[in-house]
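These notes are about the structure you will find just below.
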Amino acid sequence: SDSMLKDARNNKKIFIPKINNIKFFKGNGINLHFKNENQFDVILYMKSLHNMNKQDATESLNLSKNLLKKKGIILFRFPIWDKDSKIKIQNDFIRDRIKLIEEFASVNKFKFLKYKTIYYNKPIGENKAIGFLQFGIKKTN
């Protein structure tokens, strides 16, 4: 989304202001306009993969694998909702997508990077997210 692009650009200015060869693109994870393989160091899935059906998520991960350079990284961030939330079903989708990523990483010889869970001081957003889970996988060949 446009707001995610704005956040990414702002975070770049804060955390890595001296690196200038970074470009940000918005896409849906499947219909990508990138044609060359091995062109990205990092691909981000920020609060998005759990919104795709399993077939689209698998296709998107395979496209990402082809677009990554050797030793490239795919980073994921999933929201966590309170167990009493009306949208608890989303947590089930997230567990399913994490399992899909684990299987993808194993089959494609990606190395798992550290999991990190962040909790907010209070629920935020209209859906009352209580935090997020973030982790990555690294291409080994």
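Brief remarks follow.
- Residues within segment 1-37 that are hydrophobic (A, V, I, L, M, F, W, C) and part of a helix (DSSP H, G or I), tallied: 5
- Any hit, segment 102-112, residues being at pLDDT below 85 and in a strand (DSSP E or B): no
- Some residue of segment 37-47 being at positive phi, open to solvent by 80 Å² or more (accessible area, probe 1.4 Å) and not basic (Lys, Arg): yes
- Scanning segment 2-30 for residues that are of a type in the set (A, V, I, L, M, F, W, C) and within 16 Å of Lys47 (Cβ to Cβ) gives Met4, Leu5, Ala8, Phe24.
The values are calculated or read from the model by the stated rules, or taken from the named source; none is laboratory data. Bear in mind that the values here come from a model prediction, so they are computed numbers and not experimental data. Here the Cβ is made from the backbone with ideal geometry for all residues, glycine too, and neighbour counts use every protein chain on show. Keep in mind that these areas ignore ligands, DNA and RNA; they rest on the heavy atoms of the full protein, side chains included. Shrake-Rupley method; radii C 1.70, N 1.55, O 1.52, S 1.80 Å.
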